[in-house]
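For reference, the structure is listed below as structure tokens.
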Amino acid sequence: MSDTMQAWDPRGTPVSAHLEIASALLPLKESEILSLASGAGDIAPAIAVAVKSATVTVLETEGTTEDPPPLSNLTFKPGDADKIPAEDESFDIVIVNGLLSRVADDRRVGALREIRRVLRPHGLAYIAEPAPGGAFNEITRVFKDEKQARLATFELLKDTVASGGMVLVSQKFFQMPLVLADFAAVERGHIPADVRPTGAQKAEAQKKFDRHKGPKGATFQVAMRVDLLRKPD
């Protein structure tokens with residue numbers, strides 16, 4: 001594929017569950033997988049359930065996971081994205097879902113360097129980030145506008161590919177369905193860990209959330225971009 005990267009594809013994008021996209025792009029069977037995720041964005045447990053032959057490790061960068069599923073092929077461990085507690089070349093795949101843009105600006109380069117370090121030669125980095133805009137973004141940006149951090153993350157990935165540090169395999173753009181039962185689900189899993197919401201922010205965000213609420217909760221489509229990168233020899 002060409003090394004030309006796009007922050008977003010203006011043409012039509014399919015509606016698809018994140019697990020379906022990851023399964024289509026990644027050789028999950030019998031792979032050793034590391035997942036770095038933010039809040040409710042972790043798809044690692046679903047991968048562990050769907051692909052029994054995969055060995056999945058989740059790095060808990062934002063506190064301990066509540067009620068982790070008891071799966072023999074799924075392990076949780078504490079750590080930081082820029083100091084991954086793993087040996088060099090330990091994993092076939094690293095999944096980074098919505099986290100890289102939430103790493104502090106002065107630590108983001110180190111986090112990407114660590115991802116590259118723990119990947120085996122020809123290993124794959126699956127880096128997913130929300131695209132700017134959309135109804136759900138209008139809710140979360142009440143607490144913190146992450147547009148600039150996401151743009152900075154995209155530029156970092158472009159620079160890494162241009163310098164030969166990683167090879168671009170493909171990009172995938174899609175609309176991820178998201179159904180939340182109530183506003184408490186937003187508070188639990190979709191607010192950055194470094195944010196302490198005020199009462200006024202909660203009230204404003206809930207008002208926006210309630211506009212989308214139906215009998216089964218609030219329904220959204222979140223625009224997502226996946227940059228699939230390969231570690232060179």
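Could you say which residue among PHE91, PHE136 is aromatic (Phe, Trp, Tyr) and closer than 30 Å to GLN201 by Cα? Selected residue: PHE136, the only one of PHE91, PHE136 that is aromatic (Phe, Trp, Tyr) and closer than 30 Å to GLN201 by Cα.
Condition check ((1) modelled with pLDDT under 95; (2) closer than 30 Å to SER163 by Cα; (3) out of contact with any Phe, Trp or Tyr (no Cβ under 8 Å at 6 or more places or on another chain); (4) not hydrophobic (A, V, I, L, M, F, W, C)) across all residues:
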residue: TRP8; (1), (2), (3), (4): yes, yes, no, no
residue: ALA22; (1), (2), (3), (4): no, yes, no, no
residue: GLY41; (1), (2), (3), (4): yes, yes, yes, yes
residue: VAL51; (1), (2), (3), (4): no, no, yes, no
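If the condition is being small (Gly, Ala, Ser), surrounded by fewer than 15 Cβ atoms within 10 Å (Cβ to Cβ) and part of a helix (DSSP H, G or I), then the stretch 174-216 contributes ALA184, GLY189, GLY199, ALA200, ALA203. Just one of (1) over 30 Å from ALA200 (Cα atoms); (2) at pLDDT 95 or above; (3) crowded, with 18+ Cβ neighbours inside 10 Å; (4) touching a helix residue (DSSP H, G or I) at 6+ places or on another chain (Cβ under 7 Å) fails for VAL58. It is (2). Filtering the stretch 153-170 to residues that are surrounded by fewer than 17 Cβ atoms within 10 Å (Cβ to Cβ) and either more than 23 Å from LEU112 (Cβ to Cβ) or not aliphatic (A, V, I, L, M) (or both) leaves GLU155, ASP159, SER163, GLY164, GLY165, SER170. Pairs meeting the criteria (first residue in the stretch 4-23 and within 10 Å of LYS172 (Cβ to Cβ), second residue at pLDDT below 95 and in a loop (DSSP other than H, G, I, E, B), beta carbons under 7 Å, at least 6 apart or on different chains) are ALA22/ILE43. Here ALA44 meets each of (1) of a type in the set (A, V, I, L, M, F, W, C); (2) over 23 Å from PRO132 (Cα atoms); (3) in contact with a helix residue (DSSP H, G or I) (Cβ under 9 Å, 6 or more places away or on another chain) with one exception, condition (3).
Every condition in (1) part of a loop (DSSP other than H, G, I, E, B); (2) among the hydrophobic types (A, V, I, L, M, F, W, C); (3) modelled with pLDDT under 95 is met by ALA86 except one, and the failing one is (3). Taking the stretch 111-136 only, how many residues are charged (D, E, K, R) and in a helix (DSSP H, G or I)? Final tally of qualifying residues: 4. Put simply, of GLY199, GLY214, GLY134 the only residue that is touching a residue at least 12 places away in the same chain (Cβ under 8 Å) and of a type outside the set (Val, Ile, Thr) is GLY134. Taking the criterion of being among the aliphatic types (A, V, I, L, M) and more than 13 Å from GLU62 (Cβ to Cβ), the residues of the stretch 72-87 that qualify are LEU74, ILE84, ALA86. Looking at the stretch 96-152, which of the residues that are more than 13 Å from the chain's Cα centre (by Cα), under 24 Å from LYS213 (Cα atoms) and of a type in the set (A, V, I, L, M, F, W, C) is surrounded by the fewest Cβ atoms within 10 Å (Cβ to Cβ)? Only one residue fits best here, namely ALA135. Against the list (1) touching a Ser or Thr at 6+ places or on another chain (Cβ under 6 Å); (2) in a loop (DSSP other than H, G, I, E, B); (3) of a type in the set (Val, Ile, Thr), the condition VAL142 fails is (1).
The values are calculated or read from the model by the stated rules, or taken from the named source; none is laboratory data. Note that the coordinates shown come from a computational prediction; the quantities given were computed from them, not determined experimentally. Here the Cβ is made from the backbone with ideal geometry for all residues, glycine too, and neighbour counts use every protein chain on show.
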